[in-house]
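Structure first, then comments.
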Amino acid sequence: MGEIKVSPDYNWFRSTVPLKKIIVDDDDSKIWSLYDAGPRSIRCPLIFLPPVSGTADVFFRQILALTGWGYRVIALQYPVYWDHLEFCDGFRKLLDHLQLDKVHLFGASLGGFLAQKFAEYTHKSPRVHSLILCNSFSDTSIFNQTWTANSFWLMPAFMLKKIVLGNFSSGPVDPVMADAIDFMVDRLESLGQSELASRLTLNCQNSYVEPHKIRDIPVTIMDVFDQSALSTEAKEEMYKLYPNARRAHLKTGGNFPYLCRSAEVNLYVQIHLLQFHGTKYAAIDPSMVSAEELEVQTSNLSVSQEEQ
C-alpha cells in the first residue's frame, strides 16, 4: 500500500521542487498552491490542472520527466471557488501575477473542464495557446448531479469523500493502477471539507463549453479504453465538439493515466507540444530541442512498432 508515496521518484520530487503558495484575490483564504519547475526564461509554460480528488503533486511524474527534457512545467492546486466565473477570474489573476501572457493547459477530468471554461472566458483576449484534455468532459450534466450541486457545501467531509470514491475503479486492476488509486485516495484524504465541496460544486454545477469561442485553439484529447469515470457518450461528445483535435488513446490507464501510464502520457504531451517548437509559444528551452525531438521520434517509433 502507498507504494508511490514512498517511492524514490516522489521523494526526490518533494525534496527538489518547492511548493509555492500564492494569494491573488482580495480574500486571503484563497490560496493557490503550485510547483513551478524548469527554465524560467520560458514565457509560455505547460500548466497542469488536477481532478476533483487531486492535489498539485499528482503530476509529479510529468514534472520530473518534462523538466528533464527542458520544458517549463507548472502544476496547480485550486483555492476554494464556488463557481466557474470566480475560478476563471482567479486563474487570470494568477497568470498575471506569474507574468504569463499565454499558456498551454493540461487538464484532467474537472481540470480539463475548467481549462476549457478558462479558454472560453478569455477568448476575446486569449490566454490559452493550446489544450490537452485528459479523461475530460464538456458538459457537467453528464454526472446527473446538477440538482445537488448547490448542497455540497452543507455536506460533511466524509460524505463528500464517499461521493468521489464512488467514481474510483472498484474492479480488478493491475498493480501499477492499484498504486495510482491508493495515491489518489491518500491525496483525497488531504483535502478539507470546503476544498472538496467547492470542487464537486464546480464539477456538477450546470454548465457546458461553448465550442465556437475556442475553436481556433489546438487541442489534444487524451482518453483511455478501459474503465474510467467517463461514459462512452461523454467521450463521443468531446470528439464531436473538437472534430479537428488530435486524439491520444491509451489502451489502459483508468482514471489516472498520468500516474500509472506516465511514460505514454509524457510522450503524448511532447508530441502535442512539438508543433510549437521554434515559436515564441514553445514550452521548451530552445537549446534542448534537437536532443528532445530525437527522443520523441524514437519513442514514438517504438510505441507504433509495439502496437503493430
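Listed here are the residues, each with its yes/no results for (1) touching a Pro at 6+ places or on another chain (Cβ under 8 Å); (2) open to solvent by less than 30 Å² (accessible area, probe 1.4 Å).
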residue: LEU19; (1), (2): no, no
residue: TRP32; (1), (2): yes, yes
residue: ARG40; (1), (2): no, no
residue: PRO79; (1), (2): no, yes
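Taken over region 121-144, the criterion of being buried (at least 19 other Cβ atoms within 10 Å of the Cβ) and modelled with pLDDT of 95 or more is satisfied by TYR121, ARG127, VAL128, HIS129, SER130, LEU131, ILE132, LEU133, CYS134.
Of the strands (runs of 3 or more DSSP E) lying entirely inside region 8-93, those containing at least 2 residues that are within 18 Å of the chain's Cα centre (by Cα) and of a type in the set (A, V, I, L, M) span 31-37, 46-49, 73-77. Scanning region 234-257 for residues that are surrounded by fewer than 18 Cβ atoms within 10 Å (Cβ to Cβ) and either touching a helix residue (DSSP H, G or I) at 6+ places or on another chain (Cβ under 7 Å) or farther than 15 Å from PHE137 by Cα (or both) yields a total of 5.
Here's the yes/no breakdown for (1) in contact (Cβ under 8 Å) with a residue 40 or more places away in the chain; (2) of a type in the set (Val, Ile, Thr); (3) out of contact with any strand residue (DSSP E or B) (no Cβ under 6 Å at 6 or more places or on another chain); (4) farther than 17 Å from SER109 by Cα:
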| residue | (1), (2), (3), (4) |
| --- | --- |
| LYS240 | no, no, yes, yes |
| ARG246 | no, no, no, yes |
| GLY253 | yes, no, no, no |
| CYS260 | yes, no, yes, no |
| LEU267 | no, no, yes, yes |
| LEU274 | no, no, yes, yes |
| GLY278 | no, no, yes, yes |
| ASP285 | yes, no, yes, yes |
| MET288 | yes, no, yes, yes |
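On the stretch given as region 200-227, residues that are open to solvent by less than 20 Å² (accessible area, probe 1.4 Å) and part of a loop (DSSP other than H, G, I, E, B) total 3.
The values are calculated or read from the model by the stated rules, or taken from the named source; none is laboratory data. Everything numeric here is computed off the predicted structure, so don't read it as measured data. All Cβ positions, even for glycine, are placed from backbone atoms using ideal geometry, and neighbour counts span all protein chains on display. What goes into the accessible areas is simple: the full protein's heavy atoms, side chains included, and nothing from ligands, DNA or RNA. Shrake-Rupley method; radii C 1.70, N 1.55, O 1.52, S 1.80 Å.
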